[in-house]
Amino acid sequence: MTADDAAFIEVDGVEKVFTVRRRAGWVRRERREVRAVDGISFRVPRGEMVGYIGPNGAGKSTTIKMLTGILVPSGGRLRVAGIDPAADRTRLARRMGVVFGQRTTLWWDLPLRDSYALVRRMYRIPDDRFRVNLERCVELLDLAELLEVPVRQLSLGQRMRGDIAAALLHDPEVLYLDEPTIGLDVISKAKVREFLREVNAEQGTTVLLTTHDLTDIEQLCRRVMVIDHGRVMYDGGLEGLHAVGESERTLVVDLERELPPITGIPGARTVRVEGPRQWLAFPATASAAPLVSAVAAAYPLVDLSVREPDIEDVIAKMYAERAG
Amino acid sequence: MRLHMAVMASGFRRYATYWAATAAGVFTNTVFGFIVAYTYIALWDQRPQLGGYDLAQAVTFVWLGQALLAASALLGGGFHEELQERIRSGDVAIDLYRPVDLQLWWLAGDLGRAAFHLLGRGIVPLLVGSLVFELTLPASPLTWLYFLTAVALGVLVSFAIRYLVALSAFWLLDGTGLNMISLVLSLFFSGMILPLNVFPGALGDLAAVLPWSAILQIPADVLLGEHQGTDLVTAFAFQAGWALALLAAGRALQSVATRKVVVQGG
């Protein structure tokens with residue numbers, strides 16, 4: 001691995017400040033600075049698939065816009081494949097793919113096939129490469145029936161698959177996905193994820209994935225970055241999030257009969273009681289075994305199950321702590 | 001270059017898809033052709049040789065205006081409302097992610113559209129006009145070739161103006177006002193309402209040097225044989241000059257827009 005590969009995406013103290021003007025009287029305007037991205041730094045090695053998550057307005061899209069070169073950072077240093085995106089946008093554009101869940105890169109009035117023909121010319125994709133890539137996309141994304149259909153007649157899930165194919169025909173080295181599964185049904189989501197996994201594994205495409213659907217992240221990314229208020233709050237493995245987020249697992253016990261809330265179990269507290277069923281929360285990092293034996297020793301236990309912490313809750317908690 | 005040919009072809013096909021709209025447009029152009037032609041006939045009856053045109057030339061001018069209305073986007077239309085909408089909604093970000101120049105991309109698409117409109121919306125009204133009225137149409141194929149050259153240069157000027165108007169959306173979130181002003185200027189100073197040589201004195205002199213005259217007045221005069229020899233070269237040079245100047249202005253504005261202005265929304 002070369003130095004370039006170890007830091008394929010390089011972000012050093014990058015900032016983006018927007019100036020917002022607001023009416024403050026009949027004529028007077030107040031200028032206010034909004035720091036959308038407030039000094040973030042990270043590195044992504046070539047071939048890694050990273051989740052980039054955060055609440056609305058956290059600065060995710062702004063970061064992606066800077067990485068793709070359509071927004072110029074107000075400060076800091078930014079390189080993708082050694083290129084300064086804002087200074088050399090067109091050169092970088094040939095090496096990257098972008099997919100927006102909420103927008104389409106396809107041409108509304110044209111059949112999918114014609115859109116791809118334009119993409120081919122746009123990226124000057126050699127004929128054989130184009131054929132192989134299109135075939136693969138058509139097969140894996142199930143597009144065969146859709147190629148002759150104008151984009152405006154496609155369903156959201158079909159259009160999304162069409163968009164993902166369009167972003168990959170030119171073998172991009174890096175792929176930015178902004179909410180690629182938004183609005184899709186379970187089957188389409190699974191198909192899209194499977195395809196992305198395959199592209200990443202086979203082509204070594206570096207992927208930065210922004211999403212609100214944490215299942216996307218759980219299934220695709222080993223590394224996740226959490227951003228809020230324009231800062232990186234967490235950067236590491238998914239498991240690590242639980243420790244950082246002080247998240248809890250839940251032991252659900254069914255007792256023989258309705259009893260007052262369970263007490264006296266070290267390291268656990270009862271959070272909910274519903275008839276004979278009770279919920280005990282304990283740290284995600286602790287083992288459930290001693291807890292189970294302690295409950296079984298003191299209470300008439302019929303059945304039990306352990307619930308893993310919901311990553312969504314973990315992150316919600318993280319945001320809340322930050323805000324508070 | 002091959003990309004832009006492909007974009008042009010897709011622009012052509014895109015408009016060719018909506019044949020009902022084309023038929024409606026042809027019908028409208030033809031009806032308006034009749035209305036305006038009879039108005040001109042009444043006017044030239046009172047003032048023969050007005051602006052140096054005889055009656056047949058004046059009526060020819062009317063039908064040329066209807067034939068070029070869609071192709072040269074004299075009433076606006078074409079791409080610029082679409083580009084404004086893309087800027088307003090933030091979809092323009094997608095255009096910027098591509099390894100292509102924004103202006104050339106839209107220009108290629110608009111030329112494809114114009115080519116379609118010239119054929120689809122131009123031929124029938126002119127044909128109907130020539131069947132019903134006595135028109136001054138040239139016999140020489142060379143004159144027709146000159147005319148098509150002038151039309152092509154006029155479309156370039158028209159595109160360049162509309163591109164500038166479209167880019168204003170980066171600053172003005174609502175482009176309606178500017179579009180309206182642009183439409184009025186285009187109608188008035190292209191000669192669509194009245195041929196520019198009818199305009200009196202200083203107003204006529206002014207209208208003749210403004211870029212809009214390159215869109216309809218000059219192509220019409222080329223077809224009517226008003227420009228010959230060096231005069232023809234001067235007319236082409238005038239059109240090309242405005243096209244280059246306005247396209248360059250569009251480039252400059254585009255680089256300011258993409259560098260300075262925040263793309264709306266995420």
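Values quoted throughout were computed directly from the atomic coordinates according to the rules given, and no laboratory measurement underlies them. All values reported here derive from a predicted model rather than from experimental measurement. Heads up, the Cβs are rebuilt from the backbone with ideal geometry, glycines too, and the neighbour counts pull from every protein chain shown.
Compute the normalised compactness of segment B:93-214: alpha-carbon radius of gyration over 2.2 N^0.38 Å, N being the residue count.
Relative to the 2.2 N^0.38 Å estimate, segment B:93-214 comes out at 1.28.
What are the lysines whose alpha-carbon lies under 21 Å from the alpha-carbon of A:LYS16, with same-chain residues fewer than 8 places away excluded?
Straight-distance partners of A:LYS16: A:LYS60, A:LYS65, B:LYS260.
Among B:ALA169, B:ALA237, B:ALA207, which one moves the most in a GNM of chain B with springs linking Cα atoms closer than 10 Å?
In this elastic network of chain B, the residue with the biggest mean-square fluctuation among B:ALA169, B:ALA237, B:ALA207 is B:ALA237.
Write down the Kirkwood hydrodynamic radius of chain A, to one decimal in angstroms, obtained as one divided by the mean of 1/r over all alpha carbon pairs.
After inverting the pairwise mean of 1/r, the radius is 22.5 Å.
Binned at 10 Å from 0, what are the whole-percent values of the Cα-Cα distance distribution for segment B:5-123, short to long?
It works out to 13, 33, 26, 17, 9, 2, in whole percents.
For segment B:64-139, take every pair of Cα atoms, bin their distances at 5 Å starting from 0, and report each bin as a whole percent.
3, 14, 18, 17, 14, 11, 8, 6, 4, 4, 1
Sort the following peptides by mean Cβ neighbour count (other Cβ atoms within 10 Å, averaged over residues), highest first: B:15-21, A:63-69.
Taking the mean over residues of other Cβ atoms within 10 Å, the ranking is A:63-69, B:15-21.
Using Stokes-Einstein with the Kirkwood hydrodynamic radius over Cα pairs, what translational diffusion coefficient do you get for the protein assembly as shown at 20 °C and a viscosity of 1.002 mPa s, in µm²/s rounded to a whole number?
76 µm²/s
Give the separation of the Cα centroids, segment A:250-324 to segment B:122-199, in Å.
Between the Cα centre of segment A:250-324 and that of segment B:122-199, the gap is 76 Å.
Enumerate the whole-percent occupancy of each 5 Å bin, from 0 to the last occupied one, for all C-alpha pair distances of segment A:248-308.
Calculated P(r), rounded to whole percents: 4, 21, 36, 27, 10, 2, 0.
Would you calculate a helix-derived [θ] at 222 nm for the protein assembly as shown, using -39,500 (n - 2.57) for each DSSP H run of n ≥ 4 and dividing by the full residue count, to the nearest 500?
Result for the protein assembly as shown, helices only: -16000 deg cm²/dmol.
Once the cut-off is 19 Å, how many percent of the Cα-Cα pairs in segment A:72-147 end up in the long-distance tail?
Distances greater than 19 Å cover 51 percent of the Cα pairs.
Excluding B:VAL155 itself, calculate the net charge of residues whose Cβ lies under 15 Å from the Cβ of B:VAL155, where each Lys or Arg counts +1 and each Asp or Glu counts -1.
Every neighbour counted, the sum reads +2.
Among the helices of chain B (complete DSSP H runs), which have Cα atoms covering no less than 15 Å along the helix axis and a Kyte-Doolittle mean of at least 0.5?
Sorted by number, the helices that extend far enough and score high enough are B:19-46, B:55-69, B:141-167, B:176-190, B:230-260.
If we count other beta carbons within 10 Å of each Cβ, what is the order of A:LYS189, A:LYS16, fewest first?
Lowest count first: A:LYS189, A:LYS16.
May I ask you to derive the relative contact order of segment A:77-231, considering only C-alpha pairs under 8 Å and at least 6 residues apart, and to give it as an integer percent?
27 percent
Using a 10 Å cut-off on Cβ to Cβ distances, tally the other chain neighbours for every residue of A:115-128 and report the average as a whole number.
The mean count of partner-chain Cβ atoms within 10 Å per residue comes to 3.
When a footprinting reagent is the concern and you count Cβ atoms within 10 Å, what order do A:TYR116, B:TYR38 take, fewest first?
Fewest-to-most ranking of A:TYR116, B:TYR38: B:TYR38, A:TYR116.
Rounded to the nearest Å, what's the spacing between the alpha carbon centres of segment A:140-181 and segment B:55-88? Just the number, please.
Comparing the Cα centres of segment A:140-181 and segment B:55-88, I get a distance of 36 Å.
Say we join alpha carbon atoms closer than 10 Å with springs in a Gaussian network model of chain A; which of A:GLU139, A:GLU274, A:GLU48 then has the biggest fluctuation?
Result: A:GLU274 has the largest fluctuation of those listed.
Taking 4 °C and 1.567 mPa s as the conditions, I'd like the Stokes-Einstein D for chain B in µm²/s, using the Kirkwood hydrodynamic radius from alpha carbon pairs.
68 µm²/s
For B:94-104, what's the mean count of beta carbons from other chains sitting within 10 Å of each residue's beta carbon?
Averaged over the peptide's residues, the number is 6.
Within a 10 angstrom radius of the beta carbon, how do B:ASP45, A:ASP216 rank from fewest other beta carbons to most?
B:ASP45, A:ASP216
For Cα pairs less than 8 Å apart in space and 6+ apart in sequence, what is the mean separation divided by the residue count of chain B, i.e. the relative contact order in percent?
RCO, chain B: 27 percent.
Averaging over every viewing direction, what projected area does the convex hull of the Cα atoms of segment B:169-256 cover, in nm²?
Spelled out: convex hull of the Cα atoms, projected over all directions, averaged, 6.7 nm².
Determine the shielding of peptide A:101-112 by partner chains: average, over its residues, the number of Cβ atoms on other chains within 10 angstrom of each Cβ.
Averaged over the peptide's residues, the number is 3.
When you have a sec, figure out the Kirkwood radius of segment A:185-231 from all distinct Cα pair distances and drop it here in Å to one decimal?
11.8 Å
Of all the C-alpha pairs in segment A:1-63, what % are more than 12 Å from each other?
75 percent
Quick one: which of B:4-14, A:32-42, B:69-79 comes out on top by average Cβ neighbours within 10 Å, and what's the full order, highest first?
B:69-79, B:4-14, A:32-42
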